[in-house]
């Protein structure tokens, strides 16, 4: 058994929301939201050339890759960085609106039904930014990735933070990702079904009433990372 397999079967693996609950909520969500999803798909198709859905390889539980599905928010055929900054020219007008209200993530309810994701869990990362030999990553990947998590609620201004950095790629790898991993690791250690329900509620409030929970600035993030590592970054 690999270290990732051992982590996936550890004591934190079953402390979140029951799988039956997640599947039931996801099925109900897709059923109830079907008219909205069809409308959003039509808006994406009308807004720019290309398919309504976008699929991308992400790293899931136990280090296994899967295809994450979401509404396409970028123009097809335009290459660029794997991270998206605020004001990114690749993002369409419809896509910018979808991303603002997290509506582009709704198709991931299908990933939850398939067992590749949960309702709550660390957001799945692209393979290029994951180190499967890192013990921290192994602990984070001991649970299913999720539609939302505490970091998603807190860093909902991630694209704006990246846009304000001199080097977005370096800022992501040196500041944002270390901070995310630190928070993900703490989440995995402390997660319970009740805390996951609270996170779902916080996510809805953050989308509907963002002014109630202001996100951190670049300086605040740097200070938190420096404090946790005891070094200047």
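Miscellaneous remarks
- Residues in segment 83-97 that are under 19 Å from the mean Cα position of the chain (by Cα), under 26 Å from residue 39 (Cβ atoms) and at pLDDT 70 or above: 84, 88, 91, 95, 96, 97.
- The residue of segment 113-126 that is modelled with the lowest pLDDT, among those that are more than 16 Å from residue 142 (Cα to Cα) and either touching a strand residue (DSSP E or B) at 6+ places or on another chain (Cβ under 9 Å) or part of a loop (DSSP other than H, G, I, E, B) (or both), is 126.
- Search result, residues across segment 1-47 that are surrounded by 13 or more Cβ atoms within 10 Å (Cβ to Cβ), out of contact with any helix residue (DSSP H, G or I) (no Cβ under 7 Å at 6 or more places or on another chain) and modelled with pLDDT of 90 or more: 19, 21, 25, 41, 45
- Residue in segment 89-97 that is in contact with a helix residue (DSSP H, G or I) (Cβ under 9 Å, 6 or more places away or on another chain) and within 27 Å of residue 196 (Cα to Cα) present: yes
- In segment 182-204, residue farthest from residue 117 (Cα to Cα) [restricted to those that are surrounded by fewer than 15 Cβ atoms within 10 Å (Cβ to Cβ) and touching a residue at least 40 places away in the same chain (Cβ under 8 Å)]: 189
- Residue check, residue 83 outside any loop (DSSP other than H, G, I, E, B), touching a helix residue (DSSP H, G or I) at 6+ places or on another chain (Cβ under 6 Å) and in contact (Cβ under 8 Å) with a residue 12 or more places away in the chain: no
- Some residue of segment 163-173 being in a helix (DSSP H, G or I), modelled with pLDDT of 75 or more and more than 16 Å from residue 129 (Cα to Cα): yes
- Filtering segment 130-146 to residues that are in contact (Cβ under 8 Å) with a residue 40 or more places away in the chain, over 12 Å from the mean Cα position of the chain (by Cα) and more than 16 Å from residue 189 (Cβ to Cβ) leaves 130, 132.
- Selection within segment 111-129 - over 13 Å from the mean Cα position of the chain (by Cα) and within 14 Å of residue 83 (Cα to Cα): 127, 128, 129
- Filter pass, residue 142 being out of contact with any strand residue (DSSP E or B) (no Cβ under 8 Å at 6 or more places or on another chain) and surrounded by 20 or more Cβ atoms within 10 Å (Cβ to Cβ): yes
- Residues located in segment 147-170, provided they are farther than 22 Å from residue 117 by Cβ and either free of Cβ contacts under 8 Å to residues at least 40 places away in the same chain or within 11 Å of the chain's Cα centre (by Cα) (or both): 166, 167, 170
Residues checked against (1) in contact with a strand residue (DSSP E or B) (Cβ under 8 Å, 6 or more places away or on another chain); (2) surrounded by 14 or more Cβ atoms within 10 Å (Cβ to Cβ); (3) at negative phi; (4) not in a helix (DSSP H, G or I):
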residue	(1), (2), (3), (4)
176	no, yes, yes, no
180	no, yes, yes, no
206	no, yes, yes, no
216	no, yes, yes, yes
220	no, no, yes, no
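The values are calculated or read from the model by the stated rules, or taken from the named source; none is laboratory data. Model, not experiment: these values are computed from the prediction. Neighbour counts are summed over all protein chains in view; Cβ atoms, including those assigned to glycine, are modelled from backbone coordinates with ideal geometry.
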